Amino acid sequence: MSDELALKTIAELHPLLEKKQLSPVELTESVLKRVERYDGTINSYISKSAEAALAAARQAEAEIQAGNYRGKLHGIPLALKDIFDFKNETVTIGSKIHRNYVPNQDATVVERLKHAGAIFTGKLNLHEYACGGTTNNEHYGPCRNPWNTNKIPGGSSGGSAAAVAASLTFASLGTDTAGSIRIPSAACGTVGIKPTYGLVSKYGCFPLAWSLDHVGPITRSVEDAAIMLDAIAGYDAKDPNSVQAPKVSYYEQLNADIRGKVIGIEEDFYFHLVDDQISQAVKNSIQKLEQLGAKVEIVKIPHLKYAKFAEFITFASEAGVIHRENIRKRPEDFGTDVRMILRASAMFSAADYLQAQQIRLLMKEDFLKAFQKADVIVAPTLPLKTPDIGQQMTDINGTPSNVDEDILRLTCPANLTGLPAVSVPCGFADGMPVGLQIIGKAFAELEILNVAYAFEQIHPFIHPEL
Amino acid sequence: MIQQILAQKGIIVSPEEAEEILGFLKNLENLKADFDARSDSTKDILLTQVAERGFEHVR
């Protein structure tokens, strides 16, 4: 019985909670039992808070029984990437250096989820300081992919996607600087949305690179992603990058009718040097979207070929500033890969950084032109099959590929441009999930969610066998 | 060389680490080689755009 509850979606559960047909305590216990049973292997949690979660569940139950139902997240157990400030709780950011960091206030997204009545069962594993795409964390152990525990879950929000896929939480929040929500979502078969830059507050979220960082949900369904986004989106005066965008109710307005929508396909970048099985799964998905009534247009985005350069220069330069003191004074306290990138960033010049910003501008102009022909652009999320834990080199159709560099190749353009993008599961390659990436115009979250929702009707979430 | 430059910036690396960083930097250079080869006039226009329009993302 308890497993049945833990495997459900928020969209299935909230009506039961509202009608008092389900107890938040029972629901929380079901998740905590699964965490105890399975997370010893998966290692998606850095810290657990079972007692606090049960206390919060009892409070939620009392509130709902008293007629004070707050909304769709009231009484829902969640666990977030361990990068968001929680007042008076330890937040590690997946690091040794910050392992005893205790913030004195909540991150804005945490505050909003608490206000919505969510319950927190713990904090989830991540790549150290969110600075990498594998979640092979040297300080807290590697997080493992629920589909194959020898494989990485992707990263940096690997604990979030692994926990959601394994039903060790109903939903999570991740951060995304080069693809860190979408990469693990693709690898673990979950839904992950990186919203438009400025739509979701980053206040109280430890930065990796301030001009590229985004916060967004990871869930088992598009409906749940919309529910989470409804709870966290909106202007925040405490975040200087926050934008006053029109308020949209994503969940209430979800619509699977995509007849007449124009799907842009960019082939030179998004389908170049992509694993054949992944490419085929995505092309099959595009055909399915056509069968649902969408039209396909070929688009050109010429400056995408410089995206990897612009991404690495920008994120490493900004991260190098954030960690400037520690990388000089205590380099041995960083993991090997993070230490290398932070040291390398000291070699970049101002000209490198400015060239990267020029490229971003040119890419934005390219995308604007492409969106004159298309409503959304559809592409693979990852170019490579899910690597083994610790694997540094792989191959793409026989061509050698560096995992750290290539894992973010197809996701980073949405960070460089600030455009919204969602990854949804669309098939399998060698038994591992494949992600379909849907990129939209600025603040067109509803549009990309609708396309994802339409696709989900014919390709729903599949639970991994644990 | 990289070891010396980084040391001047207060970052001490081993020869092996310097080699790894050098490989990474060379990869990055290759990724934008033909961007560097654009005409000077194009660069001037781009720099003007950045100066006029800033680095903001979506507006």
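Throughout, read-outs are computed from the coordinates displayed, never taken from laboratory work. It should be emphasised that the depicted structure is a prediction, and the values quoted were computed from it without experimental measurement. All Cβ positions, glycine included, derive from the backbone under ideal geometry; neighbour counts span all protein chains shown.
Would you point out the residue of the stretch A:67-87, among those that are in contact with a Ser or Thr (Cβ under 7 Å, 6 or more places away or on another chain) and among the hydrophobic types (A, V, I, L, M, F, W, C), that is nearest to A:Glu18 (Cα to Cα)?
Residues of the stretch A:67-87 in contact with a Ser or Thr (Cβ under 7 Å, 6 or more places away or on another chain): A:77-83.
Filter again for among the hydrophobic types (A, V, I, L, M, F, W, C), leaving A:78-80, A:83.
Values: A:Leu78: 17, A:Ala79: 21, A:Leu80: 24, A:Ile83: 31 Å.
Among them, the one singled out is A:Leu78.
Check A:Ile396 against each of (1) more than 11 Å from chain B (Cβ to nearest Cβ); (2) under 17 Å from A:Pro153 (Cα atoms); (3) surrounded by fewer than 21 Cβ atoms within 10 Å (Cβ to Cβ) and name the one condition it does not meet.
Only one criterion in (1) more than 11 Å from chain B (Cβ to nearest Cβ); (2) under 17 Å from A:Pro153 (Cα atoms); (3) surrounded by fewer than 21 Cβ atoms within 10 Å (Cβ to Cβ) is unmet by A:Ile396, namely (2).
Please state which one of A:Ile341, A:Ile327, A:Ile359 is within 12 Å of chain B (Cβ to nearest Cβ), touching a helix residue (DSSP H, G or I) at 6+ places or on another chain (Cβ under 6 Å), more than 17 Å from A:Phe312 (Cα to Cα) and of a type in the set (A, V, I, L, M).
A:Ile327
Test A:Val422 against the criterion of being of a type outside the set (Asp, Glu) and more than 14 Å from chain B (Cβ to nearest Cβ), and give yes or no.
Details: of a type outside the set (Asp, Glu): yes; more than 14 Å from chain B (Cβ to nearest Cβ): yes.
So A:Val422 passes the test.
Being over 18 Å from A:Ile389 (Cβ atoms), touching an Asp or Glu at 6+ places or on another chain (Cβ under 8 Å), touching a residue at least 40 places away in the same chain (Cβ under 8 Å) and β-branched (Val, Ile, Thr), is that true of even one residue in the stretch A:152-159?
Scanning the stretch A:152-159 turns up no residue that is over 18 Å from A:Ile389 (Cβ atoms), touching an Asp or Glu at 6+ places or on another chain (Cβ under 8 Å), touching a residue at least 40 places away in the same chain (Cβ under 8 Å) and β-branched (Val, Ile, Thr).
Determine the pairs where a residue that is within 14 Å of chain B (Cβ to nearest Cβ), located within the stretch A:426-452, has a partner that is among the charged types (D, E, K, R) with Cβ atoms under 6 Å apart, the partner being 6 or more residues away or on another chain.
A:Gly440/A:Glu447
Does the stretch A:318-326 contain at least one residue that is without any contact (Cβ under 8 Å) to a residue 24 or more places away in the chain, assigned to a helix (DSSP H, G or I) and within 21 Å of B:Leu28 (Cβ to Cβ)?
Taking every residue of the stretch A:318-326 in turn, at least one turns out to be without any contact (Cβ under 8 Å) to a residue 24 or more places away in the chain, assigned to a helix (DSSP H, G or I) and within 21 Å of B:Leu28 (Cβ to Cβ).
So A:Glu318 fits all but one of (1) surrounded by 22 or more Cβ atoms within 10 Å (Cβ to Cβ); (2) more than 22 Å from A:Phe367 (Cα to Cα); (3) touching a Ser or Thr at 6+ places or on another chain (Cβ under 8 Å); what number is the exception?
Every condition holds for A:Glu318 apart from (1).
Mind checking which helices (runs of 4 or more DSSP H) fall wholly inside the stretch A:331-420 and carry at least 2 residues that are within 18 Å of the chain's Cα centre (by Cα) and closer than 30 Å to A:Asn150 by Cβ? Spell out the reasoning first.
Details: elements: A:336-345, A:350-373, A:403-406, A:412-417.
Hits in the stretch A:331-420: A:403-406, A:412-417.
Select from the stretch A:251-279 the residues that are part of a helix (DSSP H, G or I), out of contact with any Phe, Trp or Tyr (no Cβ under 9 Å at 6 or more places or on another chain), in contact (Cβ under 8 Å) with a residue 24 or more places away in the chain and not hydrophobic (A, V, I, L, M, F, W, C) and list them in ascending order. Please lay out each step first, then the result.
Step one: filter the stretch A:251-279 for residues part of a helix (DSSP H, G or I), giving A:251-253, A:276-279.
Next, from what is left, pick out any that are out of contact with any Phe, Trp or Tyr (no Cβ under 9 Å at 6 or more places or on another chain): A:251-253, A:276, A:278.
With the extra rule that they be in contact (Cβ under 8 Å) with a residue 24 or more places away in the chain, the set shrinks to A:251, A:253, A:276, A:278.
Hits for the stretch A:251-279 are A:Tyr251, A:Gln253, A:Asp276.
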